[in-house]
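Accompanying notes for the structure given below.
Nothing in this text is a laboratory measurement; each read-out follows from the coordinates by a stated rule. Just so you know, these numbers come straight off a predicted model, no measurement behind them. Cβ atoms come from the backbone with ideal geometry, glycine included; neighbour counts cover every protein chain shown.
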Amino acid sequence: MKEVYEKCPVLENDKYLLRLVEIDDAKDLLKVYSDVRAVPYFNSDNCNGDNFFYKTFVQMQEAIKYWILEYERKGFVRWSIIDKNSNEIIGTIELFHRTSQDHFNACAILRMDLRSDYENEKCVYELLTIILSTAYDLFECTMIATKAASFARERIDSLKRIGFKQSEDKLTGHDGTEYGNYWIRLK
């Protein structure tokens, strides 16, 4: 797990490239995080009330600075997702190894935030294929968990297609709050 924090890998396929988020990504990422149709799909569980809806360039820059700081602290990795065709950043993927007292102990939590025009089964599946190829090794785990609300039909379809199963277990937050709608995939 240390390796991912020493040198963040660049991951890609023929359509998308994932690389560590940079402060210069703010312009494109503001289009994602100010997209009112996209925000309901974001996983803000256990994020101290932040729902990742940012209206200003300054708010977006501050969020990115925090993501970079967390990477330096070895808290989580947040990759920017670049559409190779348009050369635009269309979202982010976050991954971290979770240590807890619940069912989700020693697993990797995956968060995927996409601009609403990319929130479709094909795109989600392709991005999952890229990240899952190395995630288990990078984050030293045998289970990956991600959230998908019941309304996220296309996201759920892609999760099922790639082998995720809905978990009956709740993820317990720092303050004891229980969160549902998690899907898990074993190595």
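Only residues that are crowded, with 20+ Cβ neighbours inside 10 Å and not in a helix (DSSP H, G or I) were counted in region 53-72, giving 1.
Under the condition of being crowded, with 16+ Cβ neighbours inside 10 Å and touching a Cys at 6+ places or on another chain (Cβ under 9 Å), the residues counted in region 155-187 number 2.
Taking first residues from region 126-153 that are under 17 Å from residue 187 (Cα atoms) and partners that are of a type in the set (Asp, Glu), the Cβ contacts under 7 Å between residues at least 6 apart in sequence or on separate chains come to 130/12. Against the conditions (1) of a type in the set (Asp, Glu); (2) surrounded by fewer than 21 Cβ atoms within 10 Å (Cβ to Cβ); (3) not in a loop (DSSP other than H, G, I, E, B), residue 113 satisfies every one except (2).
Of the residues making up region 69-85, none is farther than 19 Å from residue 44 by Cβ and touching an Asp or Glu at 6+ places or on another chain (Cβ under 6 Å). Here residue 141 meets each of (1) assigned to a loop (DSSP other than H, G, I, E, B); (2) surrounded by fewer than 17 Cβ atoms within 10 Å (Cβ to Cβ); (3) touching a strand residue (DSSP E or B) at 6+ places or on another chain (Cβ under 7 Å) with one exception, condition (2).
Among the residues of region 22-45, is any among the β-branched types (Val, Ile, Thr), under 16 Å from residue 80 (Cβ atoms) and assigned to a loop (DSSP other than H, G, I, E, B)? Scanning region 22-45, I find no residue that is among the β-branched types (Val, Ile, Thr), under 16 Å from residue 80 (Cβ atoms) and assigned to a loop (DSSP other than H, G, I, E, B), so the answer is no. Between residues in region 21-35 that are over 12 Å from residue 78 (Cα atoms) and residues that are among the charged types (D, E, K, R) and part of a loop (DSSP other than H, G, I, E, B), which pairs lie under 8 Å by C-beta distance while being six or more apart or on different chains? So the pair list comes out as 31/115; 32/115; 34/55; 35/115.
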